[in-house]
Structures are given as C-alpha cells and as structure tokens.
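One structure is given below, encoded as structure tokens.
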Amino acid sequence: MAVVNGFATSFAVAKIGVDSSYDLNSTSCPCFRSRYGRVKSLVYTHSLSPRCEVVVEKESRGAQSSVSALELLETSDRYTKKSSSVMVIGLSIHSTPVEVREKVSIPQSEWPQAIRELCSLNHIQEAAVLSTCNRIEIYVVALSQNRGVKEVTEWMSKYSGVSVTELRQHRFLLYNEDATQHLFEVAAGLDSLVLGEGQILAQVKQVVKNGQGVPGFGRKISELFKHAITAGKRVRTDTNISSGSVSVSSAAVELALLKHLPDQDSSMPPRVLIVGAGKMGKLVIRHLVAKGCKKMVVVNRTEDRVTAIREELSTDGAVIIEYKPFSEMLSCAAQADVIFTCTSSKDPLFVKESVQAALPSEDGGRTRLFVDISVPRNVESSVSELEGACVYNVDNLKEVVESNKEDRLRKKMEAESIIAEEVKQFEALKDSLETVPTIKKLRAYAERIRVAEVEKCLSKMGDVDLSENKKKAIYDVSLGIVNKLLHGPMQHLKCDATENRTLSDILGNMHALNRIFSLDKEMEDKLQAKIEQNQKQSSRGQSVSAKFS
C-alpha cells in the first residue's frame, strides 16, 4: 500500500515502454520495485519515446487507472525537496563530424513533435530543440540529471539510428549555469564556426516561435531562450562583434573562390549553379552577387522564390538569375563549374552513379566544385571519387574562417564579460521562478479568506446603511492586514542580495509553506481528476472491445 498525493493507492500493474536492457531488480529501471510497487509485466512498444506508466488502483473504488510516472516522481519525497536541473545534451561542429550530425539533425518542422516526445520521457519536464547545420542541441528541465541524460541520449539514438555508444563519444553535457552560459554564447555567435555570425540568433528566435503553445515548452525553458535572445542582441549591439564577420554562406562563397582551380581558364567566369532557394540559398546568391558574379542558375522546387530573389537583387537587370526545376538539376550540374547545395532534403541529391552518368564522356579535363553547406548533406561523399569532381562540406569551411577570425577575437573578451552579466541576471530570475507558483497560490489563498471574511462581516451588519467610503475602509483595512501578514513569508521566497539566503534556504521555505497551508492540494486535485478521466477512458475502451469481441 502506498500514499500518493494524499489518497491511498495500491499499485496493480506497472507498464514500462522501454527496451529489454532494463533490469527490473535494478534502480536503473524508471519504475524500480522498491519505490513504486511490484512490477508485474513489461509492455514493449515501437514508440521512440519510452515512458513508464504506473497503473494505480483507488482502494475505495476498486477501479484501475493510469497515472504517468512523471507525475508520481514530481510529487514523491525523492524530488520535491530538490530543484529541477536545466541541462543541454549536444553535438556540435567542434567535436562531431558531419557524418554523425546529419543523422541526428531534426528538421525545424519536427521540433514541436520532438518536444512532445522528449517530455513523455519519465524524468523530463520541459524541452527545446536547436538544430542547425553546425549543431544539434537538446535543452531540457529534468527531475534527475543522470536519468535525464540517459533518457535523452537513448531518445536521440532511436530517432537517428546512431548508437548510444557513438553519441557518447561525441556529445557534450552542460548543467544549470553552464548550460545557460553556453546557450547565451551560442545566441551571441561566440560558439559558432564563424565567430559573431548573425544567422544563429535568428535560429534561436525560431526555437521560441516554434515552441509557442507546444506542451513541454514550459516556463523555465521559454524564459531561458528569451533571455538568450536578449543576451545575443546586447553582445551584437555593444561589441559590434558581427561587423565584418562571415556567415556560413559567405564562407562557402569564399571557399569556392579559394578552391576554384588555377588550371581553368581564368578569363572565363565560372558557371555557377545553386540548388535550393531557401534562406541559405538566398544568402549564397547575395554573396555571389557581392563578389561580382553576374550570371547563375538556381534550381528550386518552385519558381516564386527565385523570382523574388531576382527582383530584390537585380533591380536593374544587371544580374541574370535563371530558374530551373529539380528535374533538370543533373543536366544543369553537368554544365556548371561550381555547384552550391543548400536544401533541407534528408537524402543526398547528388550520388556518385547519377553524377557520373550525367557528366559528358569527354569533358576536356574540367573540374567541378561541389560546395555542400546542407546538413544532412546534399552531396554524397563518394562523388569526390569521380575524376574532375571536388566535394567540400560545412566542416571544410574552417580554413576560410581562420583567416577572418583574428580581428574578432579581440572583441570576444568584451562579449564574454557581457555574457557573464546576463547569466548572473538570469540565474537570479531562474531561482525566483522556482517559487513563483507558491507565491501566487499563497496570495490567492489569503485573498480568498480575506474576501470571505469581509463579506461575512458586511452580512452580519445587516441593513445598516454603509456609505461607499466606509465599505472601502473595511476592504482597505482587511487588505492591509493580509499584506502585512504575507510580507515576511513573501520575502523569504525571493532572492535578495542584501539577505544571506541561499537557493536551498528559499526552496526549503517554499516547501514548508506548501505543507503548512496545503498549497499542493491543487496538484492533488489535478491528479485525482486525471485518474477519474483515465478510468472513464478505460471503461469506454473496454466497452468498445466488448462490441468487437
């Protein structure tokens, strides 16, 4: 028998959607028997998001219902006295080859679903995904650091097909303040391959935009990313670190100019093909025009984007941007000297066999340069085995970046001091966020009592004709009494630099007030409502099964 949130329960069945590596007698199992009851059966699922569900039975009703392990863990003594950890599990261009990053890469359209799946894991409360050509980073709020890391890593492995062992070789892990500092540096462009690049800030903004309204993109993660955007903007404004810096797209153009082999006729401008007219493709075209390229072919799924780019960049008609559909991509590549690829395709667009078949049999020793800045890659690496083909990807841009880096390194120290200030401000805010729900519930509790007692007082006074001023005076005095009584408890729930209160002290005060005033009853009510709802769903399911049996 166990007591969960104030009502008696007995655990009937524990269903664990995990792989067979879990040992039921080990505490590595999310629902190990010593705390959550006897495990009677395992249910193997095909879901990418293993989640433990503990089926509890209300003794008074004798009916079974499913309650998520996350809710049980959140309300267990093991976790209620601890603050949840904010952490990041990531793979970046600094430590992970593109061959691995492209497999783990998560398209922007799938970020919301990824958040939902991550938050269905046992120890994950909130989540966010930042996936770009240079990095894949998953930010989570976890009840347990070790278990959270294990669950997220296993989820990444199942999503990508990359083994857990290989992910561990390349991943980086940062917790709490270190995770905060890392995200702020990312938003400011300090962790980019191109120091001070501006595109990453737009991508961080996109995380917030995509997360709006998604269950699991909660208050802590949301505030973290919003403050990261503020920090990134401040660094760019105060240090001017991005002035003169190159982006991935401009570095790709520089690489093409650097690698365009000297044995080709320099009097003839290179014939350029760009595959993809999205954000990256548009930037490539913009940088090509800035470098004097006056004619290029753009392959895209639709012509609208290419037309819009042409109208924006070639108002006087001096630059010729020709559109071609994807069906003509290989024939266009056969006629080009330099091919830039920048699409979101999950599969390679240029593979060895098709490229070899498309090239003219007698090509006069021409060399084609493939510059692939897509992750996942658009050009299969084996294309470089063909005679006259050179393939470069985003990991090859470091050579170009190094020549532009030295000048901005001097600004980096100033930027880091700004980041340190922003991290300190956010950590104070984050600490206060822990107690916000308790502050609101305590004030609401006191307000309910105040209003009820004032109304009772006015009712006892009967038909006495009170002026509005006198009624206001009664309300004011009651409000003053409540505010004075709440002042002390409220102060002990807030971080104040003038007081020597640690976060541990503040959280201890919070839990004490929750117990004294029964402020967690709201959570109990929600849990009870969820049990009853699950009972009804279970009953309906049994009825449907009976009809078809």
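Brief remarks on what is shown
- Cα lying deepest toward the dipole's positive end in region 248-400, options 325, 258, 314, charges on Cβ: 314
- Computed lengthening from residue 483 to residue 468, 0.36 nm per intervening residue step minus Cα-Cα distance: 3.2 nm
- Non-local Lys pairs in region 85-239, i.e. 8 or more apart or on different chains, that have alpha carbons under 29 Å apart: 21
- Note on region 248-400: with charges restricted to the Cβ of Lys and Arg (+1) and Asp and Glu (-1), its dipole about the Cα centre is near 460 debye.
- Over region 248-400: Kirkwood hydrodynamic radius from C-alpha pairwise inverse distances, Å: 15.4
- For the peptides 111-123, 450-462, 318-330, the ranking by packing is 111-123, 318-330, 450-462, with the highest mean count of neighbouring Cβ atoms within 10 Å listed first.
- Pairwise FRET efficiency - residue 346 versus residue 166, Cβ, R0 = 22 Å, nearest 0.05: 0.70
- Taking the Cα centre of region 85-239 as reference, the dipole from Cβ charges on Lys and Arg (+1) and Asp and Glu (-1) amounts to some 280 debye.
- Segment residue 456-residue 390, length gained on full extension (0.36 nm per residue, minus Cα span): 15.2 nm
- Percent carbon-and-sulfur accessible area, region 85-239, ignoring ligands, DNA and RNA, probe 1.4 Å: 46
- From most to least packed by mean Cβ count within 10 Å, the peptides 298-305, 273-280 give 273-280, 298-305.
- Each of 176, 188, 217 was placed along the dipole of region 151-222 (beta-carbon charges, centred on the mean Cα), and the one lying farthest toward the positive end is 217.
- At q = 0.18, 0.26, 0.30 Å⁻¹, base-10 log of I(q)/I(0) for region 152-216 (Debye sum, equal scatterers on each alpha carbon): -0.95, -1.04, -1.03
- For region 149-198, the dipole from Cβ point charges (+1 on Lys and Arg, -1 on Asp and Glu) about the Cα centre works out to 280 debye, to the nearest 20.
- Whole-number accessible area per residue in Å² for region 157-287, which is evaluated in the context of all protein chains at 1.4 Å: 42
- Of the solvent-accessible surface of region 248-400, computed with a 1.4 Å probe over protein heavy atoms with every protein chain present, carbon and sulfur atoms account for 51 percent.
- Each of the peptides 440-448, 483-491 was scored by the mean count of other Cβ atoms within 10 Å over its residues; in descending order, highest first, they stand as 440-448, 483-491.
- Intensity falloff of region 85-239 expressed as log10 I(q)/I(0), Debye formula with alpha-carbon point scatterers, at q = 0.19 Å⁻¹: -1.19
The values are calculated or read from the model by the stated rules, or taken from the named source; none is laboratory data. These numbers were taken from a predicted model, which means no experiment stands behind them. Glycine gets a Cβ as well: all are built from the backbone with ideal geometry, and neighbour counts include every protein chain shown. These area figures cover heavy atoms from the full protein model, side chains too; ligands, DNA and RNA do not enter into them. Shrake-Rupley method; radii C 1.70, N 1.55, O 1.52, S 1.80 Å.
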